[in-house]
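Contents: one structure, followed by commentary.
The values are calculated or read from the model by the stated rules, or taken from the named source; none is laboratory data. Values in this document were obtained by computation on a predicted structure and should not be read as measured data. All Cβ positions, even for glycine, are placed from backbone atoms using ideal geometry, and neighbour counts span all protein chains on display.
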Amino acid sequence: MLRGILNFAHHLLEDSVMDGDIVIDATCGNGNDTLFLSELVGENGSVLAFDIQSQAIAATKEALLNNEQDNVSLIHDSHENIIDYLPDTMNKKIGGAIFNLGYLPKSDKSIITNGYSTIIAMDTILSFLKKNGLIVIVVYHGHEGGKHEKDALLKHVIHLDQKKFSVLQYGFINQKNNPPFILAIQKKI
Ligand SMILES: C[S@@+](CC[C@H](N)C(=O)[O-])C[C@H]1O[C@@H](n2cnc3c(N)ncnc32)[C@H](O)[C@@H]1O
């Protein structure tokens with residue numbers, strides 16, 4: 001069976017992230033991906049989880065209540081400032097990252113990710129990824145402002161040096177209403 005978007009996003013990370021890795025949830029929202037990453041890297045790993053909304057940080061904290069791992073740092077800041085949270089010691093140590101673009105479900109639809117800050121965060125993480133590390137971006141673009149971000153991102157990733165990065169696009173092209181798709185970028189060197 002072809003995997004659905006969220007299932008495939010997690011599958012890609014399961015295949016590349018290792019126990020003990022440092023990983024990033026760039027848009028923690030309700031905490032689903034943060035919880036997934038926390039379990040994936042285990043007690044020796046760590047997760048940096050970002051969101052600009054205090055509501056999302058609280059929701060993620062709640063989602064982690066029964067989590068057996070104590071390996072998540074919740075950061076109430078824009079991922080645009082991610083460099084401030086990555087000491088030099090983490091250079092070439094990040095195993096993976098996920099972005100879920102768009103707005104927090106059942107919340108203020110005007111608070112959305114945007115191409116400018118998403119690209120800054122993505123490029124920063126790319127420079128900190130270890131060899132074979134992977135960034136998975138789930139691109140929701142049906143909302144107002146979504147097309148702008150999608151176009152900016154595609155324009156950017158299409159030009160990443162193929163000697164250094166593999167860039168994959170995965171999505172269902174016969175679905176109606178602007179279905180989400182995945183961009184996955186793996187560092188080759
Ligand atoms: C689609 S939701 C994420 C869903 C989440 N991954 C989950 O599992 O529930 C997108 C989130 O990105 C957040 N966001 C928007 N701009 C951001 C930024 N510049 N930095 C960090 N988070 C941002 C929103 O507040 C929202 O919570």
Based on what the data block shows, is Asp21 charged (D, E, K, R), at pLDDT 95 or above and out of contact with any Gly (no Cβ under 8 Å at 6 or more places or on another chain)? no
How many residues are farther than 18 Å from Leu168 by Cα and either away from the ligand (no atom under 14 Å from the Cβ) or outside any helix (DSSP H, G or I) (or both) if we restrict to the range 131-147? 5
Of everything in the range 64-73, what is more than 17 Å from the chain's Cα centre (by Cα), over 14 Å from Gly42 (Cβ atoms) and surrounded by fewer than 18 Cβ atoms within 10 Å (Cβ to Cβ)? Give them in sequence order. Leu65, Asn66
Considering the range 18-33 alone, what residues qualify as being within 16 Å of the ligand (Cβ to nearest atom) and touching a residue at least 40 places away in the same chain (Cβ under 8 Å)? Val23, Ile24, Asp25, Ala26, Thr27, Cys28, Gly29, Asn30, Asp33
With modelled with pLDDT of 95 or more and in contact with a Pro (Cβ under 8 Å, 6 or more places away or on another chain) as the only criterion, which of Phe165, Phe172 stands out? Phe172
Residue selected from the range 68-101 under the condition within 16 Å of the ligand (Cβ to nearest atom) and among the acidic types (Asp, Glu), by the criterion farthest from Asn132 (Cα to Cα): Asp77
When you look at Thr124, is it under 19 Å from Asp77 (Cα atoms), surrounded by 15 or more Cβ atoms within 10 Å (Cβ to Cβ), within 11 Å of the ligand (Cβ to nearest atom) and not hydrophobic (A, V, I, L, M, F, W, C), yes or no? no
I'd like the full set of residues that are in contact with a strand residue (DSSP E or B) (Cβ under 8 Å, 6 or more places away or on another chain) and either buried (at least 19 other Cβ atoms within 10 Å of the Cβ) or of a type in the set (S, T, N, Q) (or both), limited to the range 142-177. Gly146, Glu149, Lys150, Leu153, Val157, Ser166, Gln169
The number of residues in the range 38-67 that are more than 21 Å from Ser117 (Cβ to Cβ), in contact (Cβ under 8 Å) with a residue 24 or more places away in the chain and away from the ligand (no atom under 11 Å from the Cβ) is 13
